[in-house]
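Colleague: Pasting a structure here, questions to come.
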Amino acid sequence: MIAKMRKLHLAALSYDRDDILNALERTHAVEIREREGAVPSDSAGELRDYLSRLESTLETLTGYAERRAKEEKTETVKDGFEVSYTEFMAAGEFRPRADRILEFTSASLDEIAAAKAEEVRLGRAIAAALPYAALKRPFSSYRDSKNFVVRLGLVPASAWENAAPALEEQPLLACEAVPAEEGMVVCAVAHRSAAPALENFLTSCGFAACPYAGETTGEEQLSSLRRELSVAEDRERAAEETLFGLAEELKDFKIYCDFVGFELEKAEASEKMLCSAHTFFLEAFLPADEEEKVRAALEAKSLPLFFEFSDPKEDEFVPTLATNNEVVRNFETITNMYSAPNAREFDPNTVMSFFYSVFLGFIMGDVGYGLLMMLGGGFLYFKNRGKESGIKSLAGVFAIGGIFAFIWGFLFNSLFGIQILPYTVMPDLGVSMPDLGMELPGAHAAARPSSWTFIGISIPAILIISMILGIIQLFAGYLCKAWQHWRKGRIFDGICDGLTWAVFSLGALLAVCGFVDEFNVPQFKLVGGIMALVGVVLAALTAGRHEKFIGKFTKGFGSLYGIINYASDVLSYARLYGLMLSGAVIAQLVSHYALYFIVGGNFALAILGVILMVVGHVFNLAMGLLSAYIHDARLQYVEFYGKFFEGEGELFTPLGSKKKHISVSA
């Protein structure tokens, strides 16, 4: 359900503002709202930039801390650890140290970047010098003289092999080629009169001139470059050691980051207030049941201030705070991805969570998958218990859905696609497995027909069940619409817009059941038809009640057209059948062939069968959950919420609730 909100009005002296905001933060129950005429300040922008630098540095130090922990097989400080309120408020004293950490981290990162760039440069230089390491004479000895030109360089080995036979035709006095890993090191000498011919010959070979000169040898040049590379690597390691040392203060740094985040919250809250030279005035929302707690916190400060509580105005925007139990709370994330409910409508999450779980379980529809969902989801949920995270909510949704998957799996008689019971409660999927010439477990389980006769037409039974589930949810959606009107005092609107279509839905449900021969309840045809007709006629007659003249008739006609939309909505639930069928077929195929390998093959095939069983079902479960999560949500958003949900709410975010790394105890 959605909590009722009250409004706090407070006026006090400016120099008491920080103390008052600290008191309000400790209640975790007050969200400050912006007043018209409030003026932004520079302090929030400065804090925002400062916090951004802190978080960037924290990310860097966390990475180095995790590297060191992996090397030493220890644990790092994980987010969510608890600190006392006194320790949190004293974190401001950490600023000098934090600023030094920022400075040292920035300098170390710059040093690492410079060292890495130097290493890249030296690596290329070493690669270029490596072919000349075997040269015993200094590079200066390979220079031109008065009458001769000397060329020292590298030629690709393949090009040199092709060009070598033509050497005798070149007017060269001497040519020496030494094999190297990168090609051939060539030293060619020619008379100056033959220099052009020499240049053309070397160019045709892909000759690359030696980049070195001076009195050093190739070996000395290579050694010098390797020493420089070692120095650069030492610089990088020294800078990294500095970061490893700074990472030891990760816990205090995380506390300080959240403290600065809270200071930013207060600065942003101050921008929402009306201020004079010496006073300030704030307005805030709080849950009605937290009023006494907030009152006590303010009175305990014994400061010169004035405050009072009131109910929000009817047309005033109010933040939304859902107060559901631990089970339903997991499904709030699904609704909020679409739109948070507004504070003046009823919370749809309780109803939605039931249908979402039923549909999720129906799509998975297997005892084995249900058990894995319960175990895996439950493990992740309890591992993250005490934290507000998307992983925790998603795990809770899958764990609850696993309960229904287990139930549906029992009804469909399916354990990883294998029929383990001698009977099925629900109709069989009618999937034919290949005949492998061997009796496999579950091969002879009795099965009911996979098709039902609807209005004389043979239709897959699971498809009809999917449609029935859809009609039931649409019926609930129209009841929710009626309740939405009634709780706002619009009784007649609830009857006309909600209850009449709920009657139509119930009639449609009965009629569908009556037209299915296997149900053997033909009486439902007449009863359901009459109810559906009464519902749609009443809806048509009352649709234009708020219109004038011709609008009353056009609105009624539009209401009749709504039957087409209704049929379209019902057909949307066919996706339940499609997703359930695809997952079930893959599960049966995987188990069928895996058991064939295990039962009828040799040891190697048995191992292959076990691998196929594990990998195949894990893949099918993962893909099934992904599809089910998306399409199940789509049914809630479009078909269910489309009937009554208003949305466009804004979640209640009390002062001090934006801590990312720690939790503060009382």
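Values quoted throughout were computed directly from the atomic coordinates according to the rules given, and no laboratory measurement underlies them. Every value quoted in this text rests on a predicted model; they were computed, and no experiment measured them. Every residue, glycine as well, gets a Cβ built from its backbone with ideal geometry; the counts of neighbours run over all protein chains shown.
Colleague: Restrict the search to the stretch 45-75; then list the trypsin sites (Lys or Arg not before Pro) that DSSP places in a loop and that have at most 11 other Cβ atoms within 10 Å of their Cβ.
Modeller: Lys73
Colleague: Which value results for Rg/Rh of the chain when Rg is the Cα radius of gyration and Rh the Kirkwood radius based on the inverse mean 1/r?
Modeller: When Rh is taken as the Kirkwood radius, the ratio is 1.16.
Colleague: Within the stretch 1-63, which GluC sites (Glu not before Pro) sit in a loop by DSSP and count at most 16 neighbouring Cβ atoms inside 10 Å?
Modeller: Answer by residue number: Glu34, Glu36.
Colleague: Sticking with this structure for a sec: For Cα pairs less than 8 Å apart in space and 6+ apart in sequence, what is the mean separation divided by the residue count of the chain, i.e. the relative contact order in percent?
Modeller: Relative contact order, the chain: 21 percent.
Colleague: As an exercise, use a Förster radius of 45 Å and the Cβ-Cβ distance of Ala238 and Ser204 to find the FRET efficiency, rounded to the nearest 0.05.
Modeller: Efficiency, from the Cβ-Cβ distance: 0.35.
Colleague: Taking amide H atoms as placed 1.01 Å from N in the peptide plane, list the residues 5 or more away in sequence, or in a different chain, whose amide H sits under 5 Å from that of Met184.
Modeller: Val155, Ala157
Colleague: Just report the Cα centroid separation between the stretch 293-364 and the stretch 118-152, whole Å.
Modeller: Cα centres, the stretch 293-364 to the stretch 118-152: 76 Å.
Colleague: Ok, one more. Show the residues, 5+ positions off or on another chain, whose built amide H is closer than 5 Å to the amide H of Glu650.
Modeller: Result for Glu650 returns Thr320, Ala343.
Colleague: Same structure, new question: Which value, to two decimals, describes the C-alpha radius of gyration of the stretch 455-572 once divided by 2.2 N^0.38 Å?
Modeller: Here the Cα radius of gyration is 1.15 times the empirical estimate.
Colleague: Which cross-chain or sequence-distant (5 or more) residues have an amide H under 5 Å from the amide H of Met5, H modelled 1.01 Å from N in plane?
Modeller: Those qualifying (amide H under 5 Å, at least 5 residues apart or on another chain) are Ala288.
Colleague: Longest exposed-loop-site-free stretch of the chain, with chymotrypsin sites (Phe, Trp or Tyr not before Pro), DSSP loop and at most 13 other Cβ within 10 Å?
Modeller: Here the longest run is 1-422.
Colleague: Using helices alone, what [θ] at 222 nm do you get for the chain, with -39,500 (n - 2.57) per DSSP H run of 4 or more residues, divided over all residues and rounded to the nearest 500?
Modeller: -19000 deg cm²/dmol
Colleague: While we're on this one: Which net charge results for the neighbourhood of Arg6, defined as the other residues with beta-carbon distances under 10 angstrom from its beta-carbon, given Lys and Arg at +1 and Asp and Glu at -1?
Modeller: Surrounding charge for Arg6 is -2.
Colleague: Loop only by DSSP, 13 or fewer other Cβ within 10 Å of the Cβ. Give me the trypsin sites (Lys or Arg not before Pro) in the stretch 382-414 that pass, ordered by residue number.
Modeller: Answer by residue number: Arg385, Lys387.
Colleague: State which helices in the chain qualify, where a helix is a whole DSSP H run, it must extend 18 Å or more along its own axis by its Cα atoms, and its mean Kyte-Doolittle hydropathy must be at least -1.0.
Modeller: Helices meeting the span and hydropathy rule in the chain are 95-129, 218-246, 250-270, 349-364, 367-383, 390-412, 461-486, 500-515, 523-542, 550-572, 574-600, 603-634.
Colleague: Let me ask you something else. Of Lys383/Lys481; Lys7/Lys488; Lys116/Lys266; Lys272/Lys293; Lys73/Lys383; Lys7/Lys251, which pairs sit farther than 31 Å apart, going by alpha carbon to alpha carbon?
Modeller: Those over the limit are Lys383/Lys481; Lys116/Lys266; Lys7/Lys251.
Colleague: Let me ask something additional. Which FRET efficiency value, to the nearest 0.05, do you get for Glu93 and Lys4 by plugging their Cβ-Cβ distance into 1/(1 + (r/R0)^6) with R0 = 45 Å?
Modeller: My answer for the efficiency is 0.65.
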